[in-house]
Every structure is written in C-alpha cells, then in structure tokens.
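Undergrad: One structure, pasted below without further comment.
Where a number appears in this text, it was derived from the coordinates with a stated rule and is not lab data. Computed from a predicted structure; not experimentally measured. Because the Cβ atoms are built from the backbone with ideal geometry, glycine has one as well, and the counts that use them run over all protein chains shown.
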C-alpha cells in the first residue's frame, strides 16, 4: 500500500498516481483508528474507495463477476457495496433462491452440492465464492443483509431477524474482507427493533467486523443509531436531488454538511457518504426530463466529503449499480448503457486520483479546517479544505480564485502546486512563505467542473 507515514514525502513528490500504483493488497481486518476518525487495515491507514454494485449477486454470473471485480480493482476501488437480500425472492443468476418460503429466518442451503461445478452452487455457495474472489482482488464487500423494504413489509421482523443475523455471522464472521451495512435505504426511525436485533446479533458473533447503517436519502445513520454499540462508523446518503429540486434551503448537494455534523458528535466515530448522486442517473431519480449527474458531479461529491473529514467515499454509476442489460424488465431510473460498458464511465476512471492523493500524505493526522479559506463561497462556489501537520489541501469545484490563510502548517518556505482531480496531473505554483494570506488562482476559466486541488507541503523542488 502506498502512502505509509514514513514514506509520504517521497511519495508525494514522485507518484504518478496511476491505477497500477493503487493495486490492492489482499484485505486485512479493518478497525477504527485510535483517534476514531479513520479506518485501518491490519494496523495501517485505510482509505475507503467504494463502488456501488447493489445487484451484483443476482444479476451477474461468475465470469461476469470476475470481470467486474478485476475492472474495479484496476481502477483503484477497494470496497464494493452489495445487497444480500434485495427482496425476499432474491435468487442468484443460476436461479437458486436465497430463502425457503421467502423467510429470512430460513436460508436455503444445499449441503453436499459441488460449488465448483457450473450451475450446481446455491445462493449462499455463490456468495461464499464472491467473498473469496473479492478478497483475491483486494476488495472488501460491504454487505447489506436485507433491503429496508423487506423490514417495512414485515417479512424481516423481530421474530426472524435474530436467526437470520446468526446465520450470516456464523457463515461470514471470520472473513476479514466483510463489512456490514445494516438497514438498506430505509428510515432509521422505522422498524428500529428489527435493525437493533439484526445488528446486535451479527456484532455479538462477529465482533471484529465493522458495521454501520445505510439510511434513506438525505439522512444519516447518526440521527438514530450514533450511540448503538454495534455501529462502528456513520454512513449518510446525501442522495440524488439537486439544489433546484429542494428549494432555497437545499442541502443534499452540500454533502459536506453531513460530514461536519457527524464530525461534531460524541462519542467520536468515523463517517462517510455511502450514497451520493450516481453518475448517469437523472436528477431526483423519479422525475421525468431531468438532466443526468455527470462525472464532474461525482468528483465534487467525493472531494467535498473527504476534505470535510470523511474517511473515504463511495462512488456509484446508474447502470452498474443495477447491472443493466438492454431489455431487462427490472431496469430503473432510465438506465441506458450495458453495465460492463458503464464500468468505464469517466467518473469511475477519475476516482483513483482522490485515493492516490490522500494516501500519499499522513492520513491519520488530517483534519478539516475551513479557517484556511478566507473568502469562501456558497454552493458550487464553496472551497473545502483540510490539513495535516506539514501539508494542506483546498478543493475548488469551479476553479475560481480563493484566498488561503497561511501559517497553519509546519515550515517557513513551502511548495505549492495544483493537482487535477480529472487526470491526476500537476501544475507548479512555486515556493511560498508560510505566513499571512495569499490569493490562489486555479488554472483555466471559472466554470463548474474546472476543479482543482491546491496542495501545499514541505516537499523539495519548485
């Protein structure tokens, strides 16, 4: 893994930040860092670069799954979010149902089947295989045990949640690359006894695996479950609605606000945007004739959240999250591109530039610090900033000039550069004094999507 603390200055000076440099190691068990703000893998800092593949288990066969995992690994992703049960009728691609009589308390297993033989594996054999293949690609599986609708419909209930959670924990509790996303696009205040029973049961049997709660859009797990003993880190869904769709007091696009709120809570817990607007999905999901979110929007959500203090980020693409193929009767949200082609969407190819920069500097000491920005804007004009002891980052989505308050990091003479979230390229500014205030003017004209990161550090060179 690049970006170890002892190597950070050399890495920051020399990295080309290519996907090859981000090749994932086989996953080690995750834990929360000592300062409770970040994650570690086997004791080393871990940056969560997630992808959304909700319906992977039911839509893809094994050859396709292997292609998906290999592609995302090569692109620098190290976490994949999937549903175990989207509905009670969930089946694998070969037609094997997950449950007996649609009862989460009665998983359908077939002892004696040979999962190595094509088509003979059952649903859980297939999930076993996916967990192992993800690990081989250096990828963690963040698994939703049951989508929220299943609980809302009382199919998953207090009576069977414990037995279902026990089955999952006993089968997957020793897998170092498994993370649990309790809930599933659902209101945290609904069916709380069910989610508490499911979460506490899994956590009791598999205490070393991390768990959070995936809430409905424009809400956060912290609202209901921040102090739950089974919740190791917070997750929010900033959602898919635009400023225009929410009116003058909109906040969904300002996903940094959720991070800031979680950052101020006690006890201290890490937080992440687990579902921002997906690339290529219509604004608002269900509203007709709306524009689609683009790569520049995906970048903005990612950089804003991380600069605000999130320990990582989850990206999503409309066609990939539902594994769309032409003619599929289950297609949603105006999907229009076959999933394997959509794996190459521009935003997906750009996410690794975020991971690369963060991993090139001491991750665990980084803190959000908006006092660095003297003349901040609102909405798309807002600049988000964070710093470590010997470096600072400031992200501008529009490339408009902004003023930085210096003297908040170590050193007298510092190196200043521009870093592009679009292609990972650098442009040199030069050596600057670490005092007073200084105006910085990003390359190019001011426009949405002309995004740049100001990087100031103690590095050698111009």
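Undergrad: Calculate I(q)/I(0) for segment 152-248 by the Debye formula, one identical point scatterer on each C-alpha and no solvent, and give its log10 at q = 0.13, 0.14, 0.19, 0.25 Å⁻¹ to two decimals.
TA: -0.46, -0.53, -0.87, -1.31
Undergrad: Would you please give the FRET efficiency between residue 109 and residue 328, computed as 1/(1 + (r/R0)^6) with r the Cβ-Cβ distance and R0 = 35 Å, to the nearest 0.05?
TA: Calculated transfer efficiency: 0.80.
Undergrad: Mind sorting 406, 90 by how few other Cβ atoms lie within 10 Å of their own Cβ, fewest first?
TA: Fewest-to-most Cβ neighbours within 10 Å comes out as 406, 90.
Undergrad: When DSSP assigns beta bridges and you keep just the ones with both residues in the chain, what percent turn out antiparallel, to the nearest 5?
TA: Restricted to the chain, the bridges split so that about 65 percent are antiparallel.
Undergrad: Also, quick follow-up: Determine, from the Cβ-Cβ distance of residue 432 and residue 364 and an R0 of 30 Å, the FRET efficiency 1/(1 + (r/R0)^6), rounded to the nearest 0.05. Don't skip to the answer; put the middle values down first.
TA: Details: r = 26 Å, r/R0 = 0.87.
Rounded to the nearest 0.05, the efficiency is 0.70.
Undergrad: Normalised by the number of residues in the chain, what is the relative contact order in percent for Cα pairs under 8 Å and 6+ residues apart?
TA: 14
Undergrad: Still on this structure, I have one more. Going by how many other Cβ atoms sit within 10 Å of their own, how do 341, 408, 269 line up, fewest first?
TA: On the way: 341 11, 408 14, 269 21.
Final ranking by Cβ density, sparse to dense: 341, 408, 269.
Undergrad: Right, something else. In degrees from 0 to 90, rounded to the nearest 10, what is the angle of the helix 123-136 Cα long axis to the longest principal axis of the chain?
TA: 30
Undergrad: Next question, about the same structure. With a Cα-only, solvent-free Debye model of the chain, what are the log10 I(q)/I(0) values at q = 0.06, 0.13 Å⁻¹?
TA: So the normalised log intensities are -0.25, -1.18.
Undergrad: Oh, and also: Using helices alone, I'd like the mean residue ellipticity at 222 nm for the chain: each DSSP H run of four-plus residues gives -39500 (n - 2.57), total over residue count, nearest 500.
TA: -7500 deg cm²/dmol
Undergrad: Order by neighbour count: 33, 425, 92, fewest other Cβ atoms within 10 Å first, most last. Don't jump to the answer; show the numbers that get you there.
TA: Numbers: 33 16, 425 12, 92 24.
Starting with the residue having the fewest Cβ neighbours, the order is 425, 33, 92.
Undergrad: Do you know the relative contact order of segment 369-457, to the nearest whole percent, from alpha carbon pairs under 8 angstrom that are 6+ apart?
TA: Rounded, it is 35 percent for segment 369-457.
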